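Following: one structure in structure tokens, then a few remarks.
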Amino acid sequence: LDVPPSEDDPVLQLGHAIAGRGRCLVILDNFEQVSGHARETLGHWLDRAIEARFLVTSREVLGLAGEEAMALPPLPRDDAAALFMRRAEASRPTRPLDADDAAVIVQLVALLDGLPLAIELAAARVAVMPPRMLLARMGERFKLLSSARGRQDRQATLRATFDWSWDLLSMSDKAALAQLSVFEGGFTLEAAEAVLDLAAHGDAAWPADAVHSLVDKSFVRPVSDNRFDLLVSVKEYAAEHLRGEGRFVASGPAALRAAQERHCAWFAALGSERSVEETCADLDNLVAACRAAASRGDAVRAIGALEGTWAALTLRGPFELGAELAEAVAAMPGLSDHDAAHAQSVLADALAACGKTDPALSRYVQALARAAVAGDRLCEAKLTLGLGWLHLHRGQIDEARQRYLMSMEMARALVDRTLECKAISGLGNVELVRGQTHEALSNYQRALALARELGDRPMQGRLLANLGNLYAEVGNVDEAQARDEEALAIARETGHRVLEGNILCNLGQLHLVQGRLDQALAVSTSALGLARQLGSVLVESIVLCNLGIVLERLHRPDDAQAQFEAALRIVRAHGDERMEGQYLGYLGLLHARQGRSAEARDCLRTGERFLRAASDSLGLGVLLCNRAEADLMAGDPAAAAAALGEASAFAAEVGAGQASELGLALARVRALIEPIRS
């Protein structure tokens, strides 16, 4: 608009000029600098120029009638990476970027929050630093993200851009933003209210108002109905102000410590149930709280945060992180018997989940002793349950059953129905290994009804997966797939990545027994990647064995052997002779088919011994079928017939149908024996 100077009110004059243009678009950039005058300027023009449309860029919502706010999100990852590549190549055209650079750039743009300005400034640095060096120096982001070409405008550095908006904040908003930097991975409004201390800014300073104000000013991002976060760059900028003296009233190292202590207190008190809410969204906060409390020697808060963290890690992984944190807390000096028992209990569970069964057993024993001295019956019951799981996976079936029965009785005495549900499920697992499928089904159904009554969705998912596994073992493929799909939906709903990995393992096996080898290979490969991310070595070994079977059927015997041997290395390292026996059965058959009769005989004999010791009827039945086929190839049809007869008896005992793995193995061997008999 060309508006000549006048003695009239400039706001009215501009309004008349805009109205005189009729239908037009007026663009007002960086309006946050004058947002306090929005009503008497833009508000007036909106009323006067009714045909005009206004496009306003601002970090702050203006609050005018008729305003339609559209938050501009960061660039999507692919677009952000493409922008970085273009700007980097323009900055240093003599050095083309390669595939290794591209992989690093994906990590870089994530740390740069997908912000176009940050990407532009970082990409310009490629003139002197390759992307990998930039990534290594992101701890100095505000030095890196500045123009090296003498620009003086507010976009010459990322810091100047933030300073531009920081200066517009009220003192209470500055204090709130700085204190919010202690959160890791976002926060709820309830958590913010517990951590923010705005008392220095008067009685009217309310944390909810401060969060609302910071959302309106684009410093805080809403990510769901009740969850917010800070971009990485905003978080680091705000943290500088929190620990720096004189940035706002009472800023400095003492303010940082106080905010961290309030953060730690909140998450230490969250409890196991709330720690897994919103698909374990507060896992990073729980880890930070646990580490902070342990470093300060605050045992009570360290234990509380550790138990909440482990509740989330059992769903999300990685298990090794749980072991690391528990080790640090258990090593704190002067722990009471109660605190030591709880720390050792988490450590034992984490070590067991990692497959480190010997050290886990030692920790369980130590924890039980401390819990008994402390008179902590609930902790004793949980430890007894953990020992049941440990014995089961060491092939000690009778000991596992005894522990599960003990924990069930203890849970009933304590009226802890969640623990009772887990104990009943454990008994189902024991009965399934023993081939008592009717008893296993009964226990799973009882536990599932209890989990539904309690509203425990993760436990419902685990039990549905158990049922899927049971139905697969007896050859009821339709029921197995239905239960697995129900369980998978719950796993994804609750963010239970550990359960998701288990179900993918089950589904890979289902595809395998139905002869869908390509799907079995794809699903099992996905399950393997997830198991490794989580540190779930038991699931990893099962998937490796399944992959071995698939690869053998795809006529890739060398690759199959490598998978079987990798699975065996895992279970041997962790003392699981029952699973070792199963895997030896498959490897023995592969050796026999490849003409290595001595190796086949050794594998099958050792595997059979382990499975008989573990009373694993289903596993033993499959191995005997494999042994029968190996006996046929070795020219001993009588031994093959004897092995087949015993395997048939096991199938009848456990109710294994024709579509089960055992049923299919029996049919395969019978088809080999019939021509010899006739």
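Table for the structure above
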| item | result |
| --- | --- |
| Dipole of the stretch 80-232 [Lys/Arg +1, Asp/Glu -1 at C-beta], most positive-end residue of A199, A80, S172 | A80 |
| Isotropically averaged projected area of the stretch 167-289, using the convex hull of Cα atoms (one quarter of hull area), nm² | 7.1 |
| Acute angle (nearest 10 degrees) that the helix 577-593 long axis makes with the longest principal axis of the chain, alpha-carbon atoms | 70 |
| Compactness relative to 2.2 N^0.38 Å, alpha carbon Rg of the stretch 217-327 | 1.15 |
| Cα-based Rg / Dmax (Å) for the stretch 522-678 | 15.3, 53 |
| For the stretch 25-96 and the stretch 317-357, distance of Cα centres in Å | 50 |
| Relative packing of 127-140, 427-440, 173-186, which averages over residues the other C-beta atoms within 10 Å, highest first | 173-186, 427-440, 127-140 |
| Cα-based helix-to-principal-axis angle, 171-180 vs the chain, degrees rounded to 10 | 20 |
| Whole-angstrom Cα spans of the stretch 106-254 along principal axes, big to small | 52, 31, 27 |
| For K422, solvent-accessible area (1.4 Å; no DNA, RNA or ligand), Å² | 80 |
| Placed amide H near F54: partners under 5 Å, 5+ positions off or other chain | V26 |
| Column: log10 I(q)/I(0), Debye, Cα scatterers of the chain, q = 0.06, 0.07, 0.11, 0.12 Å⁻¹ | -0.49, -0.63, -1.15, -1.26 |
| List V287, V223, ordered by accessible area with a 1.4 Å probe, largest first | V223, V287 |
| At 0.692 mPa s and 37 °C, Stokes diffusion of the stretch 254-403 via Kirkwood alpha-carbon radius, µm² per second | 213 |
| Only Lys, Arg (+1) and Asp, Glu (-1) charged, at Cβ; the chain dipole about Cα centre in debye | 1480 |
| When the stretch 34-92 is reduced to its Cα atoms, the Kirkwood hydrodynamic radius in Å | 14.5 |
| Cα principal axis extents for the stretch 600-678, largest first, Å | 35, 29, 15 |
| Tilt relative to the chain, helix 319-330 - C-alpha long axis, 0 to 90 degrees, to 10 | 80 |
| Whole-Å distance, taken between Cα centres, linking the stretch 554-626 and the stretch 374-453 | 29 |
| Residue-count net charge about A176 - beta-carbon cut-off 10 Å; Lys, Arg +1, Asp, Glu -1 | -2 |
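The values are calculated or read from the model by the stated rules, or taken from the named source; none is laboratory data. If you're wondering where the values come from, they're calculated on a predicted model, not measured in any experiment. Positions of Cβ are generated from backbone atoms using ideal geometry, with glycine treated the same way; all protein chains shown enter the neighbour counts. Just so you know, the surface numbers come from the protein's heavy atoms only, side chains and all, with ligands and any DNA or RNA stripped out. Shrake-Rupley method; radii C 1.70, N 1.55, O 1.52, S 1.80 Å.
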